[in-house]
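For reference, the structure discussed in these notes is given below.
The values are calculated or read from the model by the stated rules, or taken from the named source; none is laboratory data. Being a predicted model, the structure only gives us computed values, none of them experimental. Using ideal geometry, Cβ is built from the backbone for each residue, glycine included, and neighbour counts are taken over all protein chains shown.
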């Protein structure tokens, strides 16, 4: 029950594609991540994901369309839907999803798969 300064938390993140947990509620986690480049195609069997852009811009690519997100925009990716995220320049993104959700979903990738539950 203490305040969390999102800007300060983002300042602690020095790597891309490695979500960090800043809050937990109702078996959900609020994670922060910095995106730059293109993430691998994947899906989540049972978890929906919400992406909210804090700074910069990003896109979520689906097999049949691309969703562009600017600061303040959000998009929910339903479970089971194949997607990948991308940002040409660094973007700071909040991610809401069930606790212990693997960031690469149904794939394991040596470069992109992040440890689960890392907090800042």
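At-a-glance table
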quantity: Any hit, the stretch 63-77, residues being within 21 Å of residue 118 (Cβ to Cβ), surrounded by 15 or more Cβ atoms within 10 Å (Cβ to Cβ) and in contact (Cβ under 8 Å) with a residue 24 or more places away in the chain; calculated: no
quantity: Residue pairs meeting the criteria (Cβ under 6 Å; at least 6 apart or on separate chains; first farther than 13 Å from residue 94 by Cα, in the stretch 7-25; second in a loop (DSSP other than H, G, I, E, B)); calculated: 12/120
quantity: So residue 60, is it assigned to a strand (DSSP E or B), in contact (Cβ under 8 Å) with a residue 24 or more places away in the chain, in contact with a strand residue (DSSP E or B) (Cβ under 7 Å, 6 or more places away or on another chain) and closer than 20 Å to residue 24 by Cβ; calculated: no
quantity: Of all residues making up the stretch 1-44, the number that are on the phi < 0 side of the Ramachandran plot, surrounded by 12 or more Cβ atoms within 10 Å (Cβ to Cβ) and part of a loop (DSSP other than H, G, I, E, B); calculated: 8
quantity: Single condition residue 50 does not satisfy, out of (1) in contact with a strand residue (DSSP E or B) (Cβ under 9 Å, 6 or more places away or on another chain); (2) touching a residue at least 60 places away in the same chain (Cβ under 8 Å); (3) surrounded by fewer than 17 Cβ atoms within 10 Å (Cβ to Cβ); calculated: (2)
quantity: Residue list for the stretch 90-108, filter: modelled with pLDDT of 95 or more, more than 12 Å from the chain's Cα centre (by Cα) and not in a strand (DSSP E or B); calculated: 99, 106, 107, 108
quantity: Flag for residue 87 being on the phi > 0 side of the Ramachandran plot and either surrounded by fewer than 15 Cβ atoms within 10 Å (Cβ to Cβ) or modelled with pLDDT of 95 or more (or both); calculated: no
